[in-house]
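J.: My structure is below; once you've seen it, I'll send some questions.
We did not get these values from a lab; they are worked out from the coordinates using the rules stated. In this text the structure is predicted, and so the values were computed from the model without any measurement. Cβ sites come from the backbone with ideal geometry, for glycine too, and all protein chains shown count toward neighbours.
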Amino acid sequence: MPVGLVTGDNFISEDVCFRCICNSSATVPLERSSQFTGRGRNYRPLRKRWRCLVPASGFYEWKTVAGKKHPYSIRAAGDELFGFAGITELWTARAGPVHSVSLITTAPNEVMRDIHDKMPVIVPVVDYRAWLNPTNANAAELKQSNRAYPSELILAHPVSIRVNTPRNDDAELIAPISA
């Protein structure tokens, strides 16, 4: 899937595999919880030069009500792009290089709490430089970027279940519907 990534001073637009391949027999899920960042063998890249931002205009999350999942569109209140915190790595596979990305998740803010039990880490613009600096090993400063994004800066609304079908790809997918 072609995705734009920001790593340090570079913007990369290429096919990216949204998983982290730790060895030939195991994979790590797309999302990584911020409570674990900086700890353990799988998170060493976070402490080094492998942090990235994944620009996005919004994301979907599903709220479960009476056993049924209802999709929501979440976007910035001012329509600016989000910068999702991620970890990136370049792997060599039999078929050639694989660029993988894992998004980091955190506890939900007030808006998201009613929808889901976690949300992506959205790095505030003022923290971009610190997050992307490959020489920054200041755990306290990096952890500051891994807090829930302020509720007043995001909007969420229910959307059609059409988002559940990958072949649907049009602007109506983010249109609000009645809850």
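J.: Order by neighbour count: Val111, Val163, fewest other Cβ atoms within 10 Å first, most last.
T.: Fewest-to-most ranking of Val111, Val163: Val163, Val111.
J.: Grab the other residues whose beta carbon is less than 11 angstrom from that of Ala148, score K and R as +1, D and E as -1, and report the net. Can you show the working numbers first?
T.: Working: positive: Arg113, Lys118, Arg147; negative: Glu110.
Summing Lys/Arg as +1 and Asp/Glu as -1 gives +2.
J.: Could you list Val121, Val54 in order of exposure, starting from the residue whose Cβ has the fewest other Cβ atoms within 10 Å?
T.: On the way: Val121 25, Val54 21.
Exposure proxy ranking, most exposed first: Val54, Val121.
J.: Ranking Ser102, Ser151, Ser73 by Cβ neighbours within 10 Å, fewest first, what do you get?
T.: Ranked by crowding around the Cβ, least crowded first: Ser151, Ser73, Ser102.
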